[in-house]
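Report on one structure; see the data block that follows.
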Amino acid sequence: MISPDSFRTARWIRTINLVLQALLFLTLFAGLNYLALNHAWRFDLTAQQRYSLSPETKSYLQNLERPVQIIATFTEDADDSTVAQAYRDLHGLLREYTYTTENNPDGRVTAEFIDVYQERRKADQLGIDQPNIVLLVCGDKRQRLLLKDFYEVKNSKKENFRGEQALTSAILSVSNPTRKKIYFLTGHGELRPDDVDPARGLSALNNELKMRNFDVEYLQLSTMRTVPEDAALVIAAAPQGSYPSFDQEQLREYLSKREGRLILMLAPGVPHGLDDLLYDWGVLVDDVVIYDTDPNSFSDNGDLILRTFTPHPITQTLIDYKVFPRLGLTRSVRPDPGRSVSSGLQVTSLVATSQTAWGEVSYRQRQVPEYNRGADLKGLPNMAPKNRLGIVAVSERVQVRNNLPFSVRSGRLVVMGTGDIVANYRIASPGNQNLFFNAINWTIDRDTQLNIPARPIERFQLSLSQEELMRLRVSLIFALPIAAALLGLFVYWSRRN
């Protein structure tokens, strides 16, 4: 019989006690992990709630019916500090999207970061050919977001992070079973999205539109007799002939009665036949060609460089990032001074030349362009932008209906005085691409579909003198190790005694 006071009994009791403690510890650890995995509580204690999604986004995600895959090609160890910062901002944000949808089996959002250089095969399978983008995939639909889409920039400095707004908007776009359709007018020598010609083709633009989840169709009004009901936007890309009166009437009805959206790219030297439509919307398209003597206004190959912008959703990224459109032959586009001001019509000149530019009236004569006072066109001091000629103008009609205390937007029109701004050999210009796609987003209201506020970027700056920096360095190198050693000696001495 074993005595309870024997050493052997004491060892057995100690061993059983240690085993039970280990089992209890493992049970506690497993239980806590189970609770954390299945019944997690999360609290965002930051002042700006920067680690939480807005209620609007959560509502959209909870009702998502199709899975969305998000692939980001930003890297944390990028040499560019802006890219590294974008990785950190997006990493936490994408984690919130995946967490919010993990209990939604039909509409789960998954996210991953890849390096397009080290994971080349995976990038090729996903159709990704460049770094620093975010690609959203839902079935056969894809949409691409660039670095500029995630930040608001002022004076070349990032002020606000608008990643949630950009991502939620893109998720709603790619998960929507229907795509917005953009119709390109044909039948009058317009540039075509299926043409690969460098100067006259828009095949590169066609690819970019598909990446942004648009369907591209063709529209010949003489055959269709009307603009289709599913048209989100109609584009006339550099027509080489005048539109007949029937076509113009169909476009006027589409804009005014059906609250349509229209982008006109009208090359100089070509009659367009849309004078009545432009008069309705308070826009003048002058029969001139823009020339300029300012060396900062044209490139080495003769392209006109535009540096003057009016703040607007279409031009804001051009202003923020200081990118400038490069155009070939261009005509002036400006608000009509004789337009009615009581019809709710708002006309704005968005992009303009320098003050030294003029509109050459006799451009058809083969001679060296020279400004002739009283004959050629010059910017006016009493019209914005002062003493400059406009190149891009927008017009929209804001109406008050049924005595409601708010206004309802009607049609939207964008007119550009050039025809090849997004031709295959020009679309690579960041200024051209930004200007045109911003115009598309504005016309179809894609820029205002969400009311998610941007989050300010918090900056902390530690200002230390050289002496203070030296003391901090000495403390980190010597003080902390010495304190740890003294603590260890104290513990050792305590156990010995």
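The values are calculated or read from the model by the stated rules, or taken from the named source; none is laboratory data. Since we're looking at a predicted model, the values are computed, not measured. Glycine also receives a Cβ, built like all others from the backbone with ideal geometry; neighbour counts cover every protein chain displayed.
Assess whether GLY241 counts as being in contact with a Phe, Trp or Tyr (Cβ under 8 Å, 6 or more places away or on another chain), over 23 Å from LEU350 (Cβ atoms) and modelled with pLDDT of 90 or more.
no
Considering only residues that are in contact with a Lys or Arg (Cβ under 8 Å, 6 or more places away or on another chain), surrounded by fewer than 17 Cβ atoms within 10 Å (Cβ to Cβ) and under 24 Å from ASP276 (Cα atoms), which ones fall in segment 203-231?
Scanning segment 203-231 gives TYR218, PRO228.
Which number in (1) within 21 Å of GLU360 (Cβ to Cβ); (2) of a type in the set (A, V, I, L, M); (3) touching a Gly at 6+ places or on another chain (Cβ under 7 Å) marks the one condition that LEU255 misses?
Against the list (1) within 21 Å of GLU360 (Cβ to Cβ); (2) of a type in the set (A, V, I, L, M); (3) touching a Gly at 6+ places or on another chain (Cβ under 7 Å), LEU255 comes up short only on (1).
Suppose the filter is at pLDDT 80 or above and surrounded by 10 or more Cβ atoms within 10 Å (Cβ to Cβ); does THR46 pass it?
no
Select from segment 274-295 the residues that are out of contact with any strand residue (DSSP E or B) (no Cβ under 7 Å at 6 or more places or on another chain) and in a helix (DSSP H, G or I) and write down the one among them that is farthest from VAL415 (Cα to Cα).
It comes out as PRO295.
If only one of ARG258, ARG339 is at pLDDT below 90 and surrounded by fewer than 16 Cβ atoms within 10 Å (Cβ to Cβ), which one is it?
ARG258
Can you give me the number of residues within segment 280-330 that are under 19 Å from ALA393 (Cβ atoms), in contact with a Pro (Cβ under 8 Å, 6 or more places away or on another chain) and among the aromatic types (Phe, Trp, Tyr)?
Qualifying residue count, segment 280-330: 0.
Here's the yes/no breakdown for (1) out of contact with any helix residue (DSSP H, G or I) (no Cβ under 8 Å at 6 or more places or on another chain); (2) surrounded by 16 or more Cβ atoms within 10 Å (Cβ to Cβ):
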position: ARG326; (1), (2): no, yes
position: GLN365; (1), (2): yes, no
position: ASN372; (1), (2): yes, no
position: ALA384; (1), (2): yes, no
position: ASN387; (1), (2): yes, yes
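Can we say GLY163 is crowded, with 17+ Cβ neighbours inside 10 Å and under 30 Å from PRO311 (Cα atoms)?
In short, yes.
The rows are residues; the columns are (1) touching a Ser or Thr at 6+ places or on another chain (Cβ under 6 Å); (2) in contact (Cβ under 8 Å) with a residue 24 or more places away in the chain; (3) within 27 Å of SER362 (Cβ to Cβ); (4) assigned by TED's automatic domain parsing to the domain that holds ASN438.
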{"site": "LEU262", "(1), (2), (3), (4)": "no, yes, no, yes"}
{"site": "LEU266", "(1), (2), (3), (4)": "no, yes, yes, yes"}
{"site": "PRO271", "(1), (2), (3), (4)": "yes, yes, yes, yes"}
{"site": "TYR279", "(1), (2), (3), (4)": "no, yes, yes, yes"}
{"site": "ASP303", "(1), (2), (3), (4)": "no, yes, yes, yes"}
{"site": "LEU306", "(1), (2), (3), (4)": "no, yes, yes, yes"}
{"site": "PHE309", "(1), (2), (3), (4)": "yes, yes, no, yes"}
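Given the conditions (1) part of a loop (DSSP other than H, G, I, E, B); (2) surrounded by 17 or more Cβ atoms within 10 Å (Cβ to Cβ); (3) over 19 Å from the mean Cα position of the chain (by Cα), report the number of the one that ILE128 does not fulfil.
The one condition ILE128 does not meet is (3).
Residues in segment 69-84 that are surrounded by fewer than 19 Cβ atoms within 10 Å (Cβ to Cβ) and either of a type in the set (Phe, Trp, Tyr) or in contact with a helix residue (DSSP H, G or I) (Cβ under 8 Å, 6 or more places away or on another chain) (or both): how many?
Number satisfying all stated conditions: 5.
Do the conditions hold for ARG66, that is, is it outside any helix (DSSP H, G or I), at pLDDT 85 or above, more than 20 Å from the chain's Cα centre (by Cα) and surrounded by fewer than 18 Cβ atoms within 10 Å (Cβ to Cβ)?
Numbers: outside any helix (DSSP H, G or I): yes; at pLDDT 85 or above: yes; more than 20 Å from the chain's Cα centre (by Cα): yes; surrounded by fewer than 18 Cβ atoms within 10 Å (Cβ to Cβ): yes.
Considered against the rule, which asks whether it is outside any helix (DSSP H, G or I), at pLDDT 85 or above, more than 20 Å from the chain's Cα centre (by Cα) and surrounded by fewer than 18 Cβ atoms within 10 Å (Cβ to Cβ), ARG66 comes out as yes.
Can you name the condition, by its number, that VAL234 falls short on among (1) surrounded by fewer than 19 Cβ atoms within 10 Å (Cβ to Cβ); (2) in contact with a Gly (Cβ under 8 Å, 6 or more places away or on another chain)?
Condition (1) is where VAL234 drops out.
Does ILE171 qualify as being buried (at least 19 other Cβ atoms within 10 Å of the Cβ) and in a strand (DSSP E or B)?
Considered against the rule, which asks whether it is buried (at least 19 other Cβ atoms within 10 Å of the Cβ) and in a strand (DSSP E or B), ILE171 comes out as no.
So which of ALA86, ALA36 is modelled with pLDDT of 80 or more and not aromatic (Phe, Trp, Tyr)? Please lay out each step first, then the result.
On the way: ALA36 fails: modelled with pLDDT of 80 or more.
On inspection, the qualifying residue turns out to be ALA86.
Please verify whether PHE246 is surrounded by fewer than 21 Cβ atoms within 10 Å (Cβ to Cβ), out of contact with any strand residue (DSSP E or B) (no Cβ under 8 Å at 6 or more places or on another chain) and among the hydrophobic types (A, V, I, L, M, F, W, C), treating the condition exactly as stated.
Judged against the criteria, PHE246 is a match.
Scan segment 91-108 for residues that are within 21 Å of the chain's Cα centre (by Cα) and either of a type outside the set (A, V, I, L, M) or under 16 Å from ARG144 (Cα atoms) (or both) and jot them down. Talk me through it step by step, then tell me what you get.
Taking segment 91-108 as the starting set, the residues that turn out to be within 21 Å of the chain's Cα centre (by Cα) are 91-97.
Matches in segment 91-108: HIS91, GLY92, LEU94, ARG95, GLU96, TYR97.
To keep it simple, each residue is scored yes or no on (1) of a type in the set (D, E, K, R); (2) at pLDDT below 85; (3) in a strand (DSSP E or B).
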position	(1), (2), (3)
VAL408	no, yes, yes
LEU413	no, no, yes
TYR425	no, no, no
LEU435	no, no, no
TRP442	no, no, no
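Could you check segment 323-337 and list, in sequence order, the residues that are part of a strand (DSSP E or B) and over 20 Å from ALA384 (Cα atoms)? Please lay out each step first, then the result.
At the first step, the residues of segment 323-337 found to be part of a strand (DSSP E or B) are 326-327, 333-335.
Scanning segment 323-337 gives ARG326, LEU327.
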